[in-house]
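**Q** Dropping the structure in here first, questions after.
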Amino acid sequence: MAINVMQRYEMKYLLSDRQTDFLRERLEGNMQADGYGKTSIASLYYDTENYRLIRASEEKPPFKEKIRLRSYGLATDASPVFLELKRKAFGVVYKRRIETTIPQVERFFSGEDGLFDGQISREITTFRDYYKTLAPSCLIIYDRTAYFEPDGDLRLTIDENPRFRTDHLTLTKSMDGISLLRPGWTVLEVKVQEAMPLWLAETLSQGGIMKASFSKYGEAFRRQLLAVQNY
């Protein structure tokens, strides 16, 4: 069953190829890869004309929010995609999402109402109406392996080859983009409801894996959008 409401702590780390191999070895016996294996994920971020959302996020405020459309692999007009509203307040991440299709999302951002039902729909609609001029601004793509803790709430993801593009802003075109990290480096995300388990904290320490403040969309914004738009 799809999970459409999430509340958790999320911690990010940047790993070299050596650290990634070390971590994967230590995960054996503690966590399991999900049944999907490595999956290419594309997230299309929406923003205002002056990039209000990502500019605010880059100031590291106690509260920030973003909206994106996510697909698992290349999408078509008929395939399921997920419209996600993600907020972070004082270290806690809150995510709401709706399963939908690209044509519905295009109609939604053009101002049409009544396309979705329920509380999540009302939250996303309020967000759209508040910012008014939301449009596709950046596409983030990566190849993710997700792990879960049997009988626990710990989730962990390793994202390889994170990349972006600011043209051809559609989930149906390709999975190509400009690399965000050096070759071989990965992004680790640890997602927990409460505290990180001791075995994982010890593993990260032994591997010299330190927490990093890293946002894929934020890095893309710094790498290209700032230069192009002269912000």
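Every number here is computed from the coordinates shown, using simple stated rules; none is lab data. Quick caveat: nothing in here was measured; it's all calculated off a predicted structure. Heads up, the Cβs are rebuilt from the backbone with ideal geometry, glycines too, and the neighbour counts pull from every protein chain shown.
**Q** Among 67, 130, 140, whose Cα lies farthest out toward the positive end of the dipole of the chain, if unit charges sit on the beta carbon of Lys, Arg (+1) and Asp, Glu (-1)?
**A** Among 67, 130, 140, the one farthest towards the positive end of the dipole of the chain is 130.
**Q** Can you sort 205, 110 by how many other beta carbons sit within 10 Å, fewest first?
**A** Values: 205 10, 110 7.
Listed from fewest to most nearby Cβ atoms, that is 110, 205.
**Q** As a test of the formula, what do you get for the chain when each DSSP H run with n ≥ 4 contributes -39,500 (n - 2.57) and the sum is divided by the residue count, at 222 nm and rounded to the nearest 500 deg cm²/dmol? All intermediate terms of the calculation are to be shown ahead of the outcome.
**A** Numbers: 7 runs with 57 residues, N = 231.
The helix-only estimate for the chain comes to -6500 deg cm²/dmol at 222 nm.
**Q** Taking the Cα centre of the chain as the origin, how large is its charge dipole in debye, to the nearest 20, when only Lys and Arg (+1) and Asp and Glu (-1) carry charge on their Cβ atoms? Mind showing how you got there, number by number?
**A** Details: 34 positive and 32 negative charges, 133 e Å.
I would put it at about 640 debye.
**Q** Another question, if that's okay. What is the order of 68, 222, fewest Cβ neighbours within 10 Å to most?
**A** On the way: 68 22, 222 15.
Taking fewest neighbouring Cβ atoms as first place, the list is 222, 68.
**Q** Assign unit charges at the C-beta atoms only (+1 for Lys and Arg, -1 for Asp and Glu), then state the dipole size of segment 125-231 relative to its Cα centre in Debye, rounded to the nearest 20. The partial results should precede the final answer.
**A** Details: 13 positive and 13 negative charges, 126 e Å.
Charge dipole, segment 125-231, about its Cα centre: 600 debye, nearest 20.
**Q** Further question on the same structure: How big is the dipole moment of segment 70-150 about its Cα centre under a simple scheme where the beta carbon of each Lys and Arg is +1, that of each Asp and Glu is -1, and everything else is neutral? Debye, nearest 20, please. Write down the numbers at each step before the final one.
**A** Numbers: 12 positive and 11 negative charges, 78 e Å.
So the magnitude is around 380 debye.
**Q** With respect to the cross-link table entries 88/191; 12/66; 132/173, which display a Cα-Cα separation exceeding 22 Å? Walk me through the intermediate numbers first.
**A** Numbers: 88/191 13 Å; 12/66 17 Å; 132/173 26 Å.
The answer is 132/173.
**Q** For 175, 210, what ranking results if the residue with the fewest other Cβ atoms within 10 Å of its Cβ goes first?
**A** Fewest to most other Cβ atoms nearby, the residues stand as 210, 175.
**Q** Continuing with this model, one more query. Considering the options 218, 152, 20, tell which one lies farthest towards the positive end of the dipole of the chain, charges being +1 on Lys and Arg and -1 on Asp and Glu at the Cβ, about the Cα centre.
**A** Toward the positive end, the furthest listed residue is 218.
**Q** Another question, then. Could you work out how far apart the two model spin labels at residue 135 and residue 194 are, taking each label as a point 7 Å from the Cα in the direction of the beta carbon, and quote it in nm?
**A** Those two pseudo-labels are separated by 4.8 nm.
**Q** Just 16, 213, 57 to compare: in a GNM of the chain, with alpha carbon springs under 10 Å, which one fluctuates most?
**A** Among 16, 213, 57, the largest GNM mean-square fluctuation belongs to 213.
**Q** Please give the helix 17-27 orientation as an angle from the longest Cα principal axis of the chain, in degrees from 0 to 90, rounded to the nearest 10.
**A** The angle comes out near 70 degrees.
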